[in-house]
Amino acid sequence: MSSSASRIVLRALLALAGCGVCIAAWAQPKAAYPGIGRDATPKEVAAWDIDVRPDFKGLPQGSGSVARGQDIWEGKCASCHGVFGESNQVFSPIVGGTTAEDIKTGHVARLKDPAFPGRTTLMKVASLSTVWDYVYRAMPWNQPKSLTPDDVFAVTAYMLNLGGIVPDDFTLSDRNIREVQARMPNRNGTTTAHAMWPGNEFGRAVKPDVAAVACMRDCVPATQTVSQLPPHARGSHGNLAEQNRLVGPQRGIDTAPATKTGAPAAAAPASKAPLAVLEKNSCVACHGMTQKLVGPAFSDIAKKYPGQVDHLLEKIKSGGSGVWGAIPMPPQTIGDDDARAVARWLAESAGP
Amino acid sequence: MSNIQQPGQVRKAPENFVDAQGVRTVFSEARKGRRDFIRGAFAAAVAGGAAASALAQSDGDPAILQLPAHSTGLGQPVVTDGYGKPSKYEGNVQRRQSPGLTPTAQASVSFAPLQSLFGIVTPSGLHFERHHQGWWDIDPSKHRLMINGLVKAAKVFTLDELMRLPSVSRFHFIECGANTGMEWGNVAVPTAQYTHGMLSCSEFTGVPLITLLEMAGADLKGERFVLAEGADGSSMTRTIPMSLVRSGEVLVAYGQNGEMLRPEQGYPLRLVVPGVQGVSWVKYLRRIELGDMPYGTKDETVHYVDLMPDGQHRQYTSVQECKSVVTTPSGGQTLLDKGFYNITGLAWSGRGKVKRVDVSVDGGRNWRSARLESPVLSKCLTRFNIDWAWDGSPAIIQSRAMDDTGYVQPGYRQLRAVRGTRSIYHNNAIQSWQVQANGEVANVQLG
């Protein structure tokens, strides 16, 4: 404490010496806040310091094979990302759009083609550390931080394999990850040469890329509208009359007729026990009350399995696939009472 | 002209608003001295549209002439509601999702109703939301902040301790890097809420991050980078420029607009990084690490990156460049009548103060400078106003801001010439609202 305090004083003095107009620079040591904060224990730091940098500092030891990654993927990842990492139904696709040539050049060629639809993670990501770090800290989406380091090496290996970056029999580990990094398809496709980093840490002083001029008179010839919402989209954001204040210089345009069939189903259901369980366990992230999202609507499930509490309970606990589409539902870790409440609610018509 | 008219406006009665037989009956009853009948006849006329104007012509506005219950009865007692709410008549002023923008409700966005806000402060309950893995209401007594990395000793702080430290309060805007991102290629959404509503402004209260780094004995020399990490499921991480931290601007905040942060805004602790896109303002802040290289986190190297026409992605694009938008009148609204309007809107710059805002009502051909209302603060929203008498003919309203670095907000043509249309993020182009002859206002883009 005392040495850092003296450093602060020294810095304050230096600042004072180098700044003639700073008349009231506080010379008192700013570090002197007795009783505030304590040293973290090594175990506390280890529990939270999970980030992995592009130089792989922070990467834990471990390994995982493509084959094991595929097993984990199908159970925990495919429900959102598709069996081959190709789905865009919940999040942007992870795999696709890269070629063997990209692995050689380190720059995904299709990024130059405005006609190529969409951008996958593998088309964009420059550092493999980014993928590893994010899967470890934030995935699976509804159970973040439940994967072990070996699990993360495995699912990362599986994704890399889908992208043709590593072979089928590959095992990714903390020892060979740098070699794989040298094969990342877009490792050379990024730049920090722009004016939108607010510090000088990247060692560049770049001017903004657009230099507009504030013309005041006769600036442009006749104006021409080139883009506007088509008439059929008039009500696509609900009734605008209900989205504006009822007093003031204007009202919202009444777009109600166009919205009667296509109104967004954002209304929250009444809070009753099973509904609270659905909220708490993020079931509503994949299932709508009356409309299909990733999985089927609750009302559709109810129609299909009236009165079948036990069957529904089993599906909730064990997961399922193939009944409602290609994307499987993973097994849900949900308490017995809660699971039964939801199953009973579904069996009884899933009403509000 | 639209069928909406100014309520309370006194208009000349139309001819024959009561039919001829009716007039004869009224006068004959009047001669017999039946005042109660006459009152009844006029009360009935008040109920019908045009007749209301006629009454207003003869006597005045019923909203003035007939004393309402709130002038003739007893109102509510104090503390009917211990944490008050807006008037029930303000129920339309809400945060909203843009339908179809995101398939989940947890990794999603709600937009602030900019078209209904005054001044520069966003009410905390209307502050836009962006969650990456759902929001939590965290017990502040169990929340901790850790400082580690290139420090002499890793430190842990409780919220009680952080709130004992000398605090500062500052007004700043926060804008999502994807704000207006749906409009890079063409018009996609109807109102200012959806085009620009990932924007809010609050007074934030907290401790300068530099104070905590100094307390941990941080090595502040050279090119350092700070990693900020959240405590929610996504454990959101972002690299923050050390030079900005050194300036004292970056805050570890617990207060917002005089109250604690709202849970949707990171209660009990979030980072405030003035001028920088919202994703860096890490919510539920649990850890700050000091390092000697950028961290390459998902949301600075895979998302929130800008794809240039040459196929290069710009990474670590963080500053929200100078931008403005007219909020009244704006898309999806109908003007009530011809005549005077106060055109008003918001301007901001991530590089400093707004220096000037110009407004055009002819699609950018001619411009006039608007009044900037005080306060005009650095990296904060600035409110502008300018007079306009609408003659009922079509008009295209635009605003163009300039900041104190001399940077001028560009038009779509200029921005696209450099960045193409595939950037998604950091669209700060000039917005155009087309006022049609019927009073309706539409979102348009000009060639």
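The values are calculated or read from the model by the stated rules, or taken from the named source; none is laboratory data. Please read all numbers here as calculations on a predicted model, not as lab measurements. Methodologically, a virtual Cβ is constructed for each residue, glycine included, from the backbone with ideal geometry; neighbour enumeration extends over all protein chains shown. For the accessible areas, the whole protein counts, side chains as well, though only heavy atoms, and no ligand, DNA or RNA atoms are used. Shrake-Rupley method; radii C 1.70, N 1.55, O 1.52, S 1.80 Å.
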In percent, what relative contact order does segment B:297-447 have, based on Cα pairs under 8 Å that are 6 or more apart in sequence? 29 percent
Accessible surface, per residue, of the protein assembly as shown when the full set of protein chains is kept, probe 1.4 Å, Å²: 44 Å²
Going down the table (A:Lys112/B:Lys298; B:Lys142/B:Lys283; A:Lys104/A:Lys207; B:Lys142/B:Lys353; A:Lys145/B:Lys298), which pairs top 27 Å between alpha carbons? A:Lys104/A:Lys207; B:Lys142/B:Lys353
For B:398-411, mean number of other protein chain Cβ atoms within 10 Å: 3
What helix-only [θ] at 222 nm does chain B give? Using -39500 (n - 2.57) per DSSP H run of at least 4, over all residues, to the nearest 500, the answer is -4000 deg cm²/dmol
Among B:Gln256, B:Gln277, B:Gln66: highest mean-square fluctuation, GNM of chain B, C-alpha pairs under 10 Å: B:Gln66
Counting only DSSP loop positions in segment B:110-193, the chymotrypsin sites (Phe, Trp or Tyr not before Pro) whose Cβ has at most 14 other Cβ atoms within 10 Å are B:Phe118
Phi-based couplings in Hz for segment B:314-322 (Karplus 6.51, -1.76, 1.60; Gly and Pro marked x): 7, 9, 6, 7, 10, 5, 8, 6, 4
Would you list, by chain and number, the aspartates and glutamates whose Cα falls below 14 Å from the Cα of B:Lys152, excluding same-chain residues fewer than 8 positions away? A:Asp39, B:Glu214, B:Asp219, B:Glu289
Per the C-alpha gyration tensor (a ≥ b ≥ c, the square roots of its eigenvalues), segment B:106-156 is rounded if a/c is under 1.5, else prolate if a/b beats b/c, else oblate; here it's prolate
Any trypsin sites (Lys or Arg not before Pro) in segment B:191-258 that lie in a DSSP loop and have at most 12 other Cβ atoms within 10 Å would be B:Lys221
Provide the percentage of antiparallel DSSP beta bridges, counting only those with both residues in the protein assembly as shown; round to the nearest 5. 95 percent
Would you look at the GNM of chain B, springs on alpha carbons closer than 10 Å, and say which of B:Ala154, B:Ala401, B:Ala389 moves the most? B:Ala389
Estimate for me the total accessible surface buried between chains A and B (protein heavy atoms, probe 1.4 Å, no ligands or nucleic acids), in Å² to the nearest 100. 9900 Å²
If a/c stays under 1.5 just call it rounded; otherwise compare a/b with b/c (prolate if a/b is bigger, oblate if not). Do that for the protein assembly as shown, with a ≥ b ≥ c from the square roots of the Cα gyration tensor eigenvalues. prolate
On the accessible surface of the protein assembly as shown, probed at 1.4 Å with all protein chains in place, carbon and sulfur together account for a percent value of 56 percent
Return the average number of partner chain Cβ atoms within 10 angstrom of each residue Cβ along peptide B:337-343. 1
Given charges at beta-carbon only (K, R positive; D, E negative), |dipole| of segment B:112-170 in Debye: 300 debye
Cα gyration tensor shape for segment A:78-187, rounded if a/c is under 1.5, else prolate or oblate: oblate
Across peptide B:357-365, what mean number of C-beta atoms from other chains lies inside 10 Å of a residue's C-beta? 3
Are there any trypsin sites (Lys or Arg not before Pro) in segment B:279-370 that are in a DSSP loop and have at most 15 other Cβ atoms within 10 Å? List them by number. B:Lys338
